[in-house]
Each structure stands twice: as structure tokens, then as C-alpha cells.
Amino acid sequence: ATTPIQRREWALHRYDEAARTFSESFYDPTMKGLDWPALVKKYRDMVACARTDNEFEWCMARLMGELNASHTGVSVRGPEDESTRRPAGRLGIRTRPVEGGFEILATLPEGPALRSQTPLKVGDVITGIAGQPLQPTDALEARMRGRVGEETLITVRRVDAEGQPKSVDCLITPCAGMEESDLNYKAATTRAARLVNDWSGGRLGYIHIQAMSQQSLDDFERDLCAAASGKDGLLVDVRNNGGGSTADRVLASLMAQ
């Protein structure tokens, strides 16, 4: 079922609640001597124009930034509002818009597009979703909204062995965005490990540390010996690392003979 939401009224309601809660719980009752009501009014006018969660959070960050206090913020994402969300289903593909639809440029290993009994192929052009043709103004993500975990008919234009285009229907079960992110990460690190091995002639190992968290530390300790065994060196990749508190433990394990 769908629920209509008046964006302006909803944004202002959330803003008023957040500003009130923050002013009541802030450690300095004088709000650092600022004219807090005037600031709340100033940014309320800005919030009234916010149409997305990201825009709303940006406005809240500006308000709280006036106080110059650390570890403050507002996030509208959480389990309490998941029932009103309709996340877009992900197919595990990379596309570009072309005439008549979206051309598939790449597919993720183990992604929904390849797991199906009727897999999608690079070069296919997606022309329809759930039996409805794509319109020139359609965004693929918008047409996939609310389809996570639901088997969906994806119609594509495919060139056959004789070079003739034909329409093909594929049944795909889209995944959530987080699962697709995990598949992207796995594909990227697998490719990087293969390149390091090829470019070094098998002399170097490769390992990526996703974050300085306990889970990533456990993964690092699990994979370290396998990645370095029989190698002359080890390339430790921390690009796009989310940070955390376990860097000293990682370094300690690497410095040990």
C-alpha cells in the first residue's frame, strides 16, 4: 500500500520536534549565549523547502553547527520509519540511458541479474518493468521502488546470434541496496587481489581492511595468514576505510615478526 505524505508539513513537524528536543537536552542551558529561538526560526524557513531526507539533515546540520559542539547531529533514518519506506530493488547491474530504455554495461558476479534462471546480459537494453514499458522520462530506480525480494518481470531488447534484436522476458528477484553494496565490495577487492597477484608475478599478497571495527578486525585476522602465506610482501589496502578504533591492533599484528 502507498501512503501520501505532505513533504513540507512532515519536514516542519520533524524539525520542530528535533529543535525542541535538542534545546531541552543540550548541556548548556543558555545555548552558548546564542539567540536560539531566532536561529530555529531562520533554519525553519530553510527546512520548509527540503524535499529529501538528505536535504533535511543538511539543514539540521547547519542549525547545530551554530553551536560549534562536537558529536551532535540528527538522522532521520532508523527502524521506526522503515514501514513507510519503499526501497528500490537492485539488479546488480551498471547501466546507461539509451533510446528506448537502459543499456546494461556490466553485471555484478553473484548479483540478482546473474542468479536468475533467465539472466540478464551485458548489451541488453531494459525496455520494461513488470509488464509496463519504460517511458523516456522514467528513472530505472524509481520503477524498481518497492520490489526488493519480489520476483519481477524485466523485459529487455537483446540481439540474437543473427544480429537481430528481439524482446526477451527475464524473471529477476531484486536485492536491497545494502546487499548490492556488499557485492560491489566483494567484486572490487577480488579484482584488486587478482591485479596485485598478476602484476607482481605472484610475489605479493593483497588484503583490504574495510573499517577499523571489530568485525573488520576479525575478518583481517582470519584472512591475514592466507593472504601473506608464501609471499615476499603484503599490500594492505585501506582505501575507503570507514575508520574506527582498531588501527593500533592492526599495526601490532603487521609489525610482529
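Measure off, as a whole percent, the carbon and sulfur share of the 1.4 Å-probe accessible area of the chain, all protein chains present. The partial results should precede the final answer.
On the way: 8460 of 16340 Å².
Its accessible area is 52 percent carbon and sulfur atoms.
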Fill in: Zone of residue 200's modelled label, taken as backbone nitrogen in the stretch 215-257 under 12 Å from a point 7 Å along Cα→Cβ
227-237
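Treating the beta-carbon of each Lys and Arg as +1 and of each Asp and Glu as -1, no other charges, what is the dipole magnitude of the chain about its Cα centre, to the nearest 20 debye?
For this selection, approximately 440 debye.
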Item to complete: Please identify every one of the GluC sites (Glu not before Pro) in the stretch 102-195 that sits in a loop by DSSP and has no more than 15 other beta carbons within 10 Å of its own beta carbon.
Response: 110, 150, 151, 162
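Report the longest stretch of the chain that contains none of the trypsin sites (Lys or Arg not before Pro) sitting in a DSSP loop with at most 11 other Cβ atoms within 10 Å. Don't skip to the end; give the middle numbers.
Working: sites that count: 51, 77, 85, 239.
So the longest stretch without any such site is 86-238.
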Worksheet item: What's the FRET efficiency of residue 185 with residue 2 using the Cβ-Cβ distance as r and R₀ = 30 Å, to the nearest 0.05?
Response: 0.40
Fill in: Tail beyond 13 Å, pair distance distribution of the stretch 202-257 (Cα, percent)
58 percent
Fill in: Alpha-carbon centroid distance for the pair the stretch 133-154 / the stretch 184-257, whole angstrom
37 Å
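Using only the Cα atoms, what convex hull volume per residue in Å³ does the stretch 116-257 have?
It is 180 Å³ per residue.
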Worksheet item: With the Cα gyration tensor of the chain giving a ≥ b ≥ c as the square roots of its eigenvalues, does the rule (a/c under 1.5 for rounded; else a/b larger than b/c for prolate; else oblate) give rounded, prolate or oblate?
Response: oblate
Worksheet entry | Top of 211, 139, 69 by mean-square fluctuation, Gaussian network on the chain, Cα under 10 Å | 69
Worksheet item: In nm, to one decimal, how far is the modelled label at residue 164 from the one at residue 247, with both set 7 Å along Cα→Cβ?
Response: 6.3 nm
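What's the extension gain from residue 114 to residue 34 if we count 0.36 nm per residue and subtract their Cα-Cα distance? Display every interim value, and only then the final one.
Values: separation 80, 0.36 × 80 = 28.80 nm, distance 5.72 nm.
Going from the current span to full extension adds 23.1 nm.
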Worksheet item: Which percent, nearest 5, of DSSP beta bridges in the chain are antiparallel?
Response: 80 percent
Item to complete: Among the lysines, select those whose C-alpha is under 24 Å from the C-alpha of residue 41, and discard any that sit fewer than 8 residues away in the same chain.
Response: 32
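Given a Förster distance of 30 Å, report the FRET efficiency between residue 223 and residue 121 from their Cβ-Cβ distance, rounded to the nearest 0.05.
Working: r = 33 Å, r/R0 = 1.08.
Working from the Cβ atoms, E equals 0.40.
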Response to the item:
So for R0 = 41 Å, FRET eff. of residue 71-residue 173 from the Cβ-Cβ r, to 0.05, ends up at 0.50
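Between residue 24 and residue 44, what is 0.36 nm times their sequence separation minus the Cα-Cα distance? Round to one decimal in nm. Intermediate results must be reported in sequence, preceding the final value.
On the way: separation 20, 0.36 × 20 = 7.20 nm, distance 1.76 nm.
Result for the pair: 5.4 nm of gain on full extension.
Measuring with a 1.4 Å probe in the full set of protein chains, what accessible area per residue, in whole Å², belongs to the chain?
Details: 16340 Å² over 257 residues.
On a per-residue basis, the chain sits at 64 Å².
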Worksheet item: Out of 167, 48, 92, whose Cα points farthest toward the positive end of the dipole of the stretch 34-182 (charges: +1 Lys, Arg; -1 Asp, Glu; placed on Cβ)?
Response: 48
Fill in: Reachable lysines from residue 121, criterion Cα separation under 17 angstrom, eight or more residues apart if same chain
166
Worksheet, complete the sentence: In the stretch 1-107, the chymotrypsin sites (Phe, Trp or Tyr not before Pro) that sit in a DSSP loop and have at most 16 other Cβ atoms within 10 Å of their own Cβ are 26, 27
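The values are calculated or read from the model by the stated rules, or taken from the named source; none is laboratory data. Values in this document were obtained by computation on a predicted structure and should not be read as measured data. Quick reminder, even Gly has a Cβ in these numbers, built from the backbone with ideal geometry, and neighbours come from all protein chains shown. Calculation scope for accessible area: heavy atoms of the full protein, side chains included, ligands and nucleic acids excluded. Shrake-Rupley method; radii C 1.70, N 1.55, O 1.52, S 1.80 Å.
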